[in-house]
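Asker: Take a look at this one; I'll ask things after.
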Amino acid sequence: MFTFNNPTEIHFGQGVLQTIDTVLEKYSYQSYVVIASGSQVKNGITELLESLLPGQIKAVVSEIEENPTVENVDAIINAAAEYQVDALIAVGGGSTMDAAKAAAAAVVKNTDARTIIQDKNINEALPIIALPSTSGSASEVTPFSVISDKSAGIKTSISSKALYPKIAIVDPELTYTCPPAVTAISGIDVICHSLDSIGAVNNNPVSDGLAVTALKLAFDNLEVAYTEGTNAEARANMALASMTAGLAFSQTATSGSHAMSYYLTSEFGIPHAEACAFSLDQWIIHNAEVDPRLDNISKQLGFENTEALSEALNTLKERLGLRTTFEALEIDKKHIPEIARQTMAAGNYKNNLAQLSEKEIIEMLETK
């Protein structure tokens, strides 16, 4: 028995951003705050939005940090409250969309960022129109938001059906300007999301089908997008892979690799997707020992078994310039026991098929 419900209205395709005025016609929104990454402001996207929605863009909030902070969220809250806007438009990567989601919930509750990220009862939010400019986070089709409070030393994930964007406008052309490093890190996130969805206790046949589709697209196109940034077909396929993976884990949530990533990011500054990918090769092997479904899926992807998939994943990471050892990450192995403890403390660890003991996680990490 399972359920599947994703309420986000999706518009996908090259140049679909140019139709945003038509897409929004059926809604009664008249005013917006745009939340944009600094790169998108420089690329002129905010000016384009102002031309497509004349007089309706009341403010632009930019310079959202890579790991969005409560201060970033408060800046959005203040702008939305000042202009009493009807909706938020988030254009950028996952950090921009996550910050917009938290703010959208806070505005409705008339509260601040630090309060909303601790709120376990989010039932309403301002509508969000999400325009991803990277292919990786899939925040445009998920109900999750991850926000950091640096002063408290925490990185918190909030989740609510109210945080699903109302509309996702997925235009691969927005990803053309992504530099290779961003393409690599965001692209590996697609694979992490897909395999974490497959390895989740909450997996179901529909989410598996979506995740497998995303994996096929990512393995076939990520390296091409990385080496040929203007390859329109590869960029479109990676945008589709990211969105499809998002549809999968929007239902299942993430599991082992994400559980381990949070401490690697908050304590050592490892970029989120690289932190997830660091241990993913091991989690899928352990999950395959618990559920033979993983080997069947590996075969669907063209690999002999999950071990072969794991090896291919590590090879791909190296070709993308991603780090695969503690030495490369410049993290002393003396931290491994604490990394193991923090992994087990993460909420989504319980969603992982293989429930390893602390000792087993330490042994797994010692191979890195």
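The values are calculated or read from the model by the stated rules, or taken from the named source; none is laboratory data. Note that this is a predicted model, so its numbers are computed, not measured. All Cβ positions, even for glycine, are placed from backbone atoms using ideal geometry, and neighbour counts span all protein chains on display. These area figures cover heavy atoms from the full protein model, side chains too; ligands, DNA and RNA do not enter into them. Shrake-Rupley method; radii C 1.70, N 1.55, O 1.52, S 1.80 Å.
Asker: Alpha carbon centre of the stretch 250-305 versus the stretch 92-115: separation in Å?
Answerer: Taking the Cα centre of each part, the stretch 250-305 and the stretch 92-115 sit 28 Å apart.
Asker: Rounded, prolate or oblate: pick one for the stretch 266-358, where a ≥ b ≥ c are the square roots of the eigenvalues of its C-alpha gyration tensor, a/c under 1.5 means rounded, and failing that, prolate if a/b is larger than b/c, else oblate.
Answerer: Oblate is the answer for the stretch 266-358, as a/c is 1.5 or above yet b/c matches or exceeds a/b.
Asker: So, one more: In debye, nearest 20, what is the charge dipole magnitude of the chain about its Cα centre with +1 on Lys and Arg Cβ and -1 on Asp and Glu Cβ, if you could check? It would help to have the intermediate numbers written out before the result.
Answerer: Numbers: 24 positive and 45 negative charges, 125 e Å.
Computed charge dipole of the chain: roughly 600 debye.
Asker: Going by Cα centres, the stretch 1-74 and the stretch 151-176 are how many Å apart?
Answerer: 11
Asker: On to the next question. Taking the solvent-accessible surface of protein heavy atoms with a 1.4 Å probe, what is the per residue accessible area of the chain in Å²?
Answerer: With the other protein chains kept in place, the chain gives 40 Å² per residue.
Asker: Please provide three numbers in whole Å: the alpha-carbon extents of the stretch 180-367 along the principal axes, with the largest listed first.
Answerer: 44, 35, 29 Å, listed from the longest principal axis down.
Asker: Name the most mobile residue of 35, 117, 45, meaning the one with the largest mean-square fluctuation, in a Gaussian network model of the chain with Cα contacts below 10 Å.
Answerer: So, out of 35, 117, 45, the one fluctuating most is 45.
Asker: Let me ask something else about it. Which of these, 130, 232, 152, has the largest mean-square fluctuation under a Gaussian network model of the chain (Cα springs below 10 Å)?
Answerer: 152
Asker: Between the stretch 186-202 and the stretch 327-368, what is the C-alpha centre distance in whole Å?
Answerer: If we compute the Cα centre of each part, the gap is 18 Å.
Asker: Enumerate the amide H contacts of residue 35 below 5 Å, restricted to partners 5 or more residues apart or on another chain; note that Pro and chain-start residues carry no placed amide H.
Answerer: 61, 89, 90, 91
Asker: Pairing rule first: another cysteine's C-beta must sit under 4.7 Å. Under that rule, which cysteines of the chain stay single?
Answerer: Singleton cysteines: 178.
Asker: Here is a follow-up. Nearest 500 deg cm²/dmol is fine: what mean residue ellipticity at 222 nm does the chain get from its DSSP H runs of n ≥ 4 alone, each adding -39,500 (n - 2.57), divided by its residue count? Please list the in-between numbers first.
Answerer: Working: 16 runs with 191 residues, N = 368.
After summing the helix terms and dividing by residue count, I get -16000 deg cm²/dmol.
Asker: Let me ask something else. Take the solvent-accessible surface of the protein heavy atoms, probe 1.4 Å, and return the percent of it on the stretch 116-232 that carbon and sulfur atoms account for. Intermediate results must be reported in sequence, preceding the final value.
Answerer: On the way: 2130 of 3990 Å².
Using a 1.4 Å probe with all protein chains present, the stretch 116-232 comes out at 53 percent carbon and sulfur.
Asker: Based on the mean of other beta carbon atoms within 10 Å per residue, what is the order of 82-95, 254-267, most packed first?
Answerer: On the way: 82-95: 23.1, 254-267: 24.7.
Averaged packing, sorted descending, gives the order 254-267, 82-95.
Asker: May I pose another question? List the lysines whose Cα sits under 20 Å from the Cα of residue 333, skipping any in the same chain fewer than 8 residues away.
Answerer: 359, 368
Asker: Still on this structure, please answer the following. Which log10 I(q)/I(0) values, to two decimals, does the stretch 1-126 give at q = 0.12, 0.18 Å⁻¹ under the Debye formula with one point per Cα?
Answerer: -0.46, -1.02
Asker: While we're on this one: As a quick test, which of the pairs 101/350; 120/155; 120/161; 166/216; 216/350; 216/299 have an alpha carbon distance above 18 angstrom in this structure?
Answerer: Numbers: 101/350 25 Å; 120/155 15 Å; 120/161 12 Å; 166/216 28 Å; 216/350 27 Å; 216/299 12 Å.
Pairs exceeding 18 Å: 101/350; 166/216; 216/350.
Asker: Nearest-5 percent of antiparallel DSSP beta bridges in the chain?
Answerer: Values: 7 of 28 bridges.
Roughly 25 percent of the beta bridges in the chain run antiparallel, per DSSP.
Asker: If you take the C-alpha gyration tensor of the stretch 109-243, multiply each eigenvalue by 5 and take the square root, what semi-axes do you get, largest first, in whole Å? Walk me through the numbers on the way to the answer.
Answerer: Details: eigenvalues 159, 63, 42 Å².
Its equivalent ellipsoid spans semi-axes of 28, 18, 15 Å.
Asker: Have a look at 306, 111, 134 and tell me which one the Gaussian network model of the chain (Cα, springs below 10 Å) gives the largest fluctuation.
Answerer: Evaluated over the chain, the most mobile residue of the options is 111.
Asker: Put +1 on the Cβ of each Lys and Arg and -1 on the Cβ of each Asp and Glu in the chain; which of 241, 207, 136 then has its Cα farthest toward the positive end of the dipole?
Answerer: The listed residue farthest towards the positive side: 207.
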